[in-house]
Amino acid sequence: MNDKNIRALSQILDTADHSVRTARISYNLAVKLGLNDIEIFNLLMGALLHDFGKLNLDQEILGIPGPLTKEQYEYIKNHTIFGYKLTKNIVNEEIRKAILNHHERIDGSGYQKKVNITLNEQILGIADVYDALTYRRCYSKKVHSHKEAITLMKKNNNFNNEILDKLASLNIDKKVG
Ligand SMILES: [Fe+2]
């Protein structure tokens with residue numbers, strides 16, 4: 001295996017690892033918010049597969065640690081659409097929509113500027129960003145504490161505050177993936 005393939009493989013494993021952590025945070029939020037079993041199932045599947053579309057991207061570009069060019073950023077944004085397309089006939093439409101919309105924000109500042117985002121999509125978006133802020137990954141600039149991450153996300157003003165308050169109340173053990 002050459003260096004490029006090893007980097008690509010570790011990139012894919014990093015995404016898988018992040019997806020499991022995102023599912024775990026999503027599950028804890030779903031329980032706190034009183035979601036039913038079907039909603040929780042859809043949320044968990046969405047969380048596990050939310051970055052599936054990254055498999056379709058050039059892993060070298062995905063692993064760039066420094067600031068991205070506008071073109072590279074736009075290219076990486078395609079992972080939501082790739083994920084939606086790749087999961088056709090694999091999972092239900094609600095799960096596919098969560099994959100498609102996990103970077104959408106309630107104020108319309110997301111990738112596709114959508115504003116009507118379901119509760120499950122909002123939970124997934126929050127769990128995704130929280131993990132990115134609090135867990136060291138190859139392109140992490142700074143790892144934030146639980147409290148710092150919540151403060152930052154509240155400051156952004158584009159997440160559902162009720163979900164953020166539930167997140168703040170979670171006792172997250174970082175040692176368990
Ligand atoms: Fe993503």
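In this structure, is N36 among the polar types (S, T, N, Q), closer than 30 Å to S169 by Cβ and over 18 Å from the mean Cα position of the chain (by Cα)? Give the derivation first.
Details: among the polar types (S, T, N, Q): yes; closer than 30 Å to S169 by Cβ: yes; over 18 Å from the mean Cα position of the chain (by Cα): yes.
The answer is yes for N36.
Pairs linking a residue in the range 70-81 that is under 16 Å from I12 (Cα atoms) and of a type outside the set (D, E, K, R) to a residue that is part of a helix (DSSP H, G or I) and within 13 Å of the ligand (Cβ to nearest atom), with Cβ atoms under 6 Å and 6 or more positions apart or on different chains, are H79/G53; H79/K54; T80/L100.
Would it be correct to say that Q122 is surrounded by 13 or more Cβ atoms within 10 Å (Cβ to Cβ), more than 14 Å from the ligand (Cβ to nearest atom), on the phi < 0 side of the Ramachandran plot and within 13 Å of the chain's Cα centre (by Cα)?
Numbers: surrounded by 13 or more Cβ atoms within 10 Å (Cβ to Cβ): yes; more than 14 Å from the ligand (Cβ to nearest atom): yes; on the phi < 0 side of the Ramachandran plot: yes; within 13 Å of the chain's Cα centre (by Cα): yes.
Yes, satisfied.
For the range 23-43, what are the residues that are of a type in the set (A, V, I, L, M, F, W, C) and more than 16 Å from the ligand (Cβ to nearest atom)? Once the filter is applied, which keeps residues that are of a type in the set (A, V, I, L, M, F, W, C) and more than 16 Å from the ligand (Cβ to nearest atom), the range 23-43 yields L29, A30, V31, L33, L35, I38, I40, F41.
Would you check if N161 is out of contact with any His (no Cβ under 8 Å at 6 or more places or on another chain), within 22 Å of L44 (Cα to Cα) and without any contact (Cβ under 8 Å) to a residue 12 or more places away in the chain?
Values: out of contact with any His (no Cβ under 8 Å at 6 or more places or on another chain): yes; within 22 Å of L44 (Cα to Cα): yes; without any contact (Cβ under 8 Å) to a residue 12 or more places away in the chain: yes.
Criteria met by N161.
All conditions but one from (1) outside any helix (DSSP H, G or I); (2) away from the ligand (no atom under 15 Å from the Cβ); (3) touching a residue at least 24 places away in the same chain (Cβ under 8 Å) apply to Y111; the one that does not is (2).
Considering only residues of the range 99-108 that are touching a residue at least 12 places away in the same chain (Cβ under 8 Å) and in a loop (DSSP other than H, G, I, E, B), which is farthest from S19 (Cα to Cα)? Show your work before the answer.
Taking the range 99-108 and keeping what is touching a residue at least 12 places away in the same chain (Cβ under 8 Å), we get 99-107.
Keeping just the survivors that are in a loop (DSSP other than H, G, I, E, B) gives 102-107.
Numbers: H102: 12, H103: 14, E104: 17, R105: 19, I106: 22, D107: 25 Å.
The qualifying residue farthest from S19 (Cα to Cα) is D107.
Of the residues making up the range 117-138, those that are in a loop (DSSP other than H, G, I, E, B) and either under 21 Å from K155 (Cβ atoms) or modelled with pLDDT of 95 or more (or both) number 3. Taken over the range 100-152, the criterion of being touching a Gly at 6+ places or on another chain (Cβ under 6 Å) and either closer than 15 Å to L167 by Cα or not aliphatic (A, V, I, L, M) (or both) is satisfied by H102, H103, E104, L124, C138.
Residues K54, K77: which one is surrounded by fewer than 18 Cβ atoms within 10 Å (Cβ to Cβ) and within 16 Å of the ligand (Cβ to nearest atom)? Steps first, answer last, please.
On the way: K54 fails: surrounded by fewer than 18 Cβ atoms within 10 Å (Cβ to Cβ).
Exactly one residue qualifies, and that residue is K77.
In this structure, does K88 turn out to be touching a Lys or Arg at 6+ places or on another chain (Cβ under 8 Å) and closer than 24 Å to L164 by Cβ? In short, no. Please pick out the residue among I76, I81, I95 that is closer than 16 Å to V20 by Cα and touching a helix residue (DSSP H, G or I) at 6+ places or on another chain (Cβ under 9 Å). The conditions single out I95.
The values are calculated or read from the model by the stated rules, or taken from the named source; none is laboratory data. The shown structure was predicted, so the numbers you read here are calculated from the model rather than taken from an experiment. Backbone-built Cβ (ideal geometry, glycine too); neighbour counts: all protein chains shown.
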